[in-house]
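The values are calculated or read from the model by the stated rules, or taken from the named source; none is laboratory data. Predicted model, so just to flag it, every value in this text is computed and none were measured. Quick reminder, even Gly has a Cβ in these numbers, built from the backbone with ideal geometry, and neighbours come from all protein chains shown.
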Amino acid sequence: MPDQASEGAFEKAGTAPGDGAVPAVRVEGLWKRFGQQIAVNGIDLVLPAGRFIGLVGPNGAGKTTTLSMITGLLRPDHGRILVAGDDVWADPGSVARVKSRIGVLPEGLRLFERLSGRELLAYSGRLRGLPGDEVDKRAAQLLDVLGLTDSQHKLVVDYSTGMRKKIGLVAALLHNPEVLFLDEPFEGVDPVSAQTIRGVLERYTASGATVVFSSHVMELVESLCDWVAVMAAGRIRAQGPLAEVRGDAPSLQAAFLELVGANERAAAGDSLDWLGGTGSAGSGTGSGAGGGVR
Ligand SMILES: Nc1ncnc2c1ncn2[C@@H]1O[C@H](COP(=O)(O)OP(=O)(O)OP(=O)(O)O)[C@@H](O)[C@H]1O
């Protein structure tokens, strides 16, 4: 386990673990607003290299906006982002340079629908500058591992949600990136395929590469990740090794609910006393104790 001071797991971005190794991602004072909505509120983040990292947070926390800025898809209003030591937004050429070193499976992935899966991969590989025979070799292997060989000649438009995720993942891995960013990679993926994807990603991180993925599924994050960042309302609430972020809580889910203040929100549901059941279905003047019509 990296030797990050335990208080560094909370609120502040801790120092980069790994004895001075260059972190996979370093974010300083990152800020993004859409009109009146502050989506990302001046966050600092340090994600160590060679880890399986989960970025978790409730709906609207700012995860996708953060990942979009880190991966060069969305320009920040303020702040600095280094990916493997390279400043993403430093100059016009830097975004392209960083993009060549990373793989991305974005949310709401848009694919070339009228290509077959195999053609899509050939195209992605050539865009990445890989020789054709190398693309063919890697594509065939990844399609086989992910169970897509039989559907490789189908048009992408005819792929299911899970198949789209898988072909998107293959495209993101084809050039063997240093850091892989995945927005909700397991959404719509069946348990067997999820297990296979897991295996591929674990093998990938074991070789020193980094996976950063966002998810709402705490059990999944807890079982896969060794490093976690928790986001809520545009801020980082905690970051660090999984065990530190979980602390004394019985599970990551419990720690997460505490960190994002969701327990109070759940209690607010008590006001919905009209919902469900066979009790007072009427106007709300109620038939309860003392509330009857005289
Ligand atoms: N293009 C946009 N225009 C306006 N507001 C946006 C835009 N993108 C995001 N937002 C707002 O920014 C905030 C953060 O959104 P974001 O999609 O980053 O959250 P998220 O954590 O990924 O949420 P979810 O888990 O629901 O996907 C939300 O309030 C959202 O409405």
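Some points to look at:
- Where helices (runs of 4 or more DSSP H) sit wholly within the range 226-294, those with at least 2 residues that are modelled with pLDDT of 60 or more and surrounded by fewer than 10 Cβ atoms within 10 Å (Cβ to Cβ) occupy 262-268.
- Counting only residues that are under 25 Å from Leu220 (Cα atoms), touching a strand residue (DSSP E or B) at 6+ places or on another chain (Cβ under 9 Å) and exposed (fewer than 15 other Cβ atoms within 10 Å of the Cβ), the range 33-90 holds 1 of them.
- If you go through the range 33-48 and keep only what is assigned to a strand (DSSP E or B) and within 16 Å of the ligand (Cβ to nearest atom), you end up with Arg33, Phe34, Gln37, Ile38, Ala39, Val40, Asn41, Gly42, Ile43, Leu45.
- Taking the criterion of being surrounded by fewer than 21 Cβ atoms within 10 Å (Cβ to Cβ) and either closer than 20 Å to Thr149 by Cα or among the β-branched types (Val, Ile, Thr) (or both), the residues of the range 177-188 that qualify are Phe186, Gly188.
- Exactly one residue out of Gly199, Gly168 is away from the ligand (no atom under 16 Å from the Cβ), among the small types (Gly, Ala, Ser) and out of contact with any Leu (no Cβ under 8 Å at 6 or more places or on another chain): that is Gly199.
- Residues of the range 72-108 classified as outside any loop (DSSP other than H, G, I, E, B), of a type in the set (S, T, N, Q) and under 21 Å from the mean Cα position of the chain (by Cα), total: 0
- Looking across the range 105-131, the residues that are among the aliphatic types (A, V, I, L, M) and touching a residue at least 12 places away in the same chain (Cβ under 8 Å) come down to Leu105, Leu109, Leu111, Leu115, Leu120, Leu121, Ala122, Leu130.
- Per the listing Arg114, Arg97, the residue uniquely of a type outside the set (S, T, N, Q) and within 30 Å of Leu30 (Cβ to Cβ) is Arg97.
- Residue within the range 134-141 that is more than 16 Å from the ligand (Cβ to nearest atom), within 18 Å of the chain's Cα centre (by Cα) and modelled with pLDDT under 95 present: no
- Extreme residue, farthest from Arg80 (Cα to Cα), among residues of the range 49-68 that are within 6 Å of the ligand (Cβ to nearest atom) and out of contact with any helix residue (DSSP H, G or I) (no Cβ under 8 Å at 6 or more places or on another chain): Asn59
- The number of residues in the range 209-266 that are over 12 Å from the mean Cα position of the chain (by Cα) and either of a type in the set (Lys, Arg) or away from the ligand (no atom under 16 Å from the Cβ) (or both) comes to 30.
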